[in-house]
Amino acid sequence: MALAASAIFLVIAPGFVAGLVPWWISGWRIAPPFLGMPLLRAVGAVLVALGGTGLLDSFTRFAVEGLGTPAPVFPTRHLVVSGLYRYVRNPMYVAVVSTIVGQGLILGNVRLLEYGGAVWLSFHLFVLLYEEPTLRASFGSEYELFCSGVPRWIPRFTPWRLHPAG
């Protein structure tokens, strides 16, 4: 059930934010590369690939390990602290923004980059005003420990471990 619900939410939420809206903005028309540097298109492709992969991994973890969905109406029963969550607290949001920015770089579209910034700001406000207080109330000290070891937006270089070795 959780896997099916997560799949539906994946299509509806990130599919809309990182797929349909960028298409509305850009029409998938390719403009000259930013700063005349085709290499930026390759950087964009890497961001899209990493964003898509990270999004699928995180959604699967929510369903399989957390026994729930990313949707606030069907939250997880367990705090998910594995996979990409060992590097950054919000890998789904980072993945969506990376996908949007990547599309902007591939297409040479400044409006997509601006949209990516607006999406990140909305995610940031949602995290601060709703998500973190809700997770603190639901998971208490377990979430506080996670927050103390894993940054909100900029990934760690090494994976966080709940119980350090040694």
Problem set entry | Failed condition for residue 99, given (1) at pLDDT below 95; (2) open to solvent by less than 40 Å² (accessible area, probe 1.4 Å); (3) within 22 Å of residue 154 (Cβ to Cβ); (4) not aromatic (Phe, Trp, Tyr) | (1)
Exercise. Wholly within the stretch 70-165, which helices (runs of 4 or more DSSP H) include no fewer than the required count, namely at least 1 residues that are of a type in the set (Lys, Arg)?
Worked result: 110-126, 132-149
Exercise. Given the conditions (1) open to solvent by 30 Å² or more (accessible area, probe 1.4 Å); (2) modelled with pLDDT of 95 or more, which single one is not true for residue 44?
Worked result: (1)
For this session: Tell me which residues, restricted to the stretch 10-32, are within 16 Å of residue 106 (Cβ to Cβ) and either in a helix (DSSP H, G or I) or touching a Pro at 6+ places or on another chain (Cβ under 6 Å) (or both).
Result: 18, 19, 21, 22, 23, 25, 26
Exercise. From 107, 113, 145, 129, which residue is over 15 Å from the mean Cα position of the chain (by Cα), open to solvent by less than 30 Å² (accessible area, probe 1.4 Å), at negative phi and not polar (S, T, N, Q)?
Worked result: 107
Exercise. What about residue 60, is it out of contact with any helix residue (DSSP H, G or I) (no Cβ under 7 Å at 6 or more places or on another chain), open to solvent by 60 Å² or more (accessible area, probe 1.4 Å) and within 21 Å of residue 158 (Cβ to Cβ)?
Worked result: no
Problem set entry | Single residue of 27, 19, 36 found to be without any contact (Cβ under 8 Å) to a residue 12 or more places away in the chain and within 15 Å of the chain's Cα centre (by Cα) | 19
For this session: Of all residues in the stretch 29-41, count the ones that are open to solvent by 50 Å² or more (accessible area, probe 1.4 Å) and among the hydrophobic types (A, V, I, L, M, F, W, C).
Result: 4
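The values are calculated or read from the model by the stated rules, or taken from the named source; none is laboratory data. Given the structure is predicted, the values throughout are model-derived calculations rather than measurements. We place every Cβ from the backbone using ideal geometry, glycine too, and count neighbours over all the protein chains shown. Keep in mind that these areas ignore ligands, DNA and RNA; they rest on the heavy atoms of the full protein, side chains included. Shrake-Rupley method; radii C 1.70, N 1.55, O 1.52, S 1.80 Å.
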